[in-house]
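FYI, it's all coordinate maths here, none of it is from the lab. None of the values given here were measured: they were computed from a predicted structure. Here the Cβ positions follow ideal geometry from the backbone for every residue, glycine too, while neighbour counts run over all protein chains shown.
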């Protein structure tokens, strides 16, 4: 079972703090719970309301920047999840599925490496509960020209 | 709880009627129920078997046309849902998740605005039950050169 | 109810054998079970660790090659599912949802036909239990320059 103080300590160990869960800029909600599943809306790499990078990978955004953006988008998804949990990580069973969309030039074949930025953050912060099924694809363009969008499904305690 | 006559009245208020649920053109089914969840296949903006527009946004299809197409694809998803509900909207708990794929040129960064066409229709017709988690992305191309595809997961009464 | 010997016989009838479930090349797991649902990670058309084709449809990869690749990716998803079932197909209720991502040139409008390669394999091997909801889209590029990625959600017996 996850211990919230430990999760918080791991985040602090990365030099990070919990972001305020980003508010949707449109006509939808940050997450919806149905049964034990929480569907979290696609998250962009916002830091304090500003994208960490914009453009396509690898021309305008490097692989390293994109990995970092994927980690940030995943962190924002966790911030939404944490709000649903009331800050109590023991209420999380596990991350179920992560979808990673990478805004990529057609010749960029390393979207799995970009997605690892998200997957590894989840593993670092949540350990075994962070292990997930995943789909990673390279798309033409993302909202606001973000380089990465991360979508998460999580299982919560009943 | 949703009242079917009210949902129908809101649709009529938009000058619309329920479409016949589009039949898949391929080897799959319009929707699958598992437990309380209904997974609805990706819907295109068909009206009477014809796409409302074809091509990429914004070059061949304008933002406004794409928003309208997103609304139509969402309406087609609701037609599939309504068939599963036997026309009784009180059996819907809520829309859980909406995925919006926009066929976009790489420079088109407003796919969230296109997706709002779908999200706002759901809110207008279903109110609180229409509020959903969402992911919107811009893809290279969609089946039959459709400008938008909308995929929906809904929660039904047990 | 599915009978494992029959499923195996149908596969043999196609001249195929069950592949070893591909291992993720990154920081995620092949599948996650939550309640009765199994979320399977996006699968590429690997045969013995090598992609059956690489590149975009239809320029570098023909429609027929892409359909074949979609069938292979679906078979790999079934291999992951079969491992979870311990080889006992009677434990499968049905395939719920299939997502098919096709690495496509913007002018390629037949991604639904490519996706049929996956859908028809599921129908052939699993019959009624293989009928699924589906979303098919054409994306800019896939991991390792694969032409197709297939993602599956299945419902298992409690």
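Angle of helix A:111-126 to the longest C-alpha principal axis of chain A, folded into 0 to 90 degrees and rounded to 10: 20°. Antiparallel beta bridges, as assigned by DSSP with both residues in the range B:4-156, represent about 70 percent of the total such bridges. Ascending distances from the residue B:127 label point to its copies in the other chains, with the point 7 Å along the Cα-to-beta-carbon line: 4.6, 4.6 nm.
For chain B, the longest principal axis of the Cα atoms and the long axis of helix B:4-13 meet at an angle of about 30 degrees.
Where both partners of a DSSP beta bridge lie in the range C:68-154, what percent of those bridges are antiparallel, to the nearest 5?
Around 50 percent antiparallel, to the nearest 5.
Inter-copy label distances for residue B:3: 5.4, 5.4 nm (label point placed 7 Å from Cα along Cα→Cβ; shortest first). Counting from the shortest, the label point at residue A:107, 7 Å from Cα toward Cβ, is 2.0, 2.0 nm from the same position in each remaining copy.
Legend: ranking of residues B:88, C:48, C:8, A:145 from fewest to most surrounding C-beta atoms inside 10 Å; resulting order C:48, B:88, C:8, A:145. Only Cα pairs under 8 Å and 6+ residues apart enter the sum, and on that basis the relative contact order of chain C stands at 33 percent. Helical content alone sets the calculated 222 nm signal of the protein assembly as shown at -10000 deg cm²/dmol, taking -39,500 (n - 2.57) per DSSP H segment of four or more residues and averaging over every residue. For helix C:63-84, what angle does its Cα long axis make with the longest principal axis of chain C, in degrees from 0 to 90 and rounded to 10? Once rounded, one gets 30 degrees.
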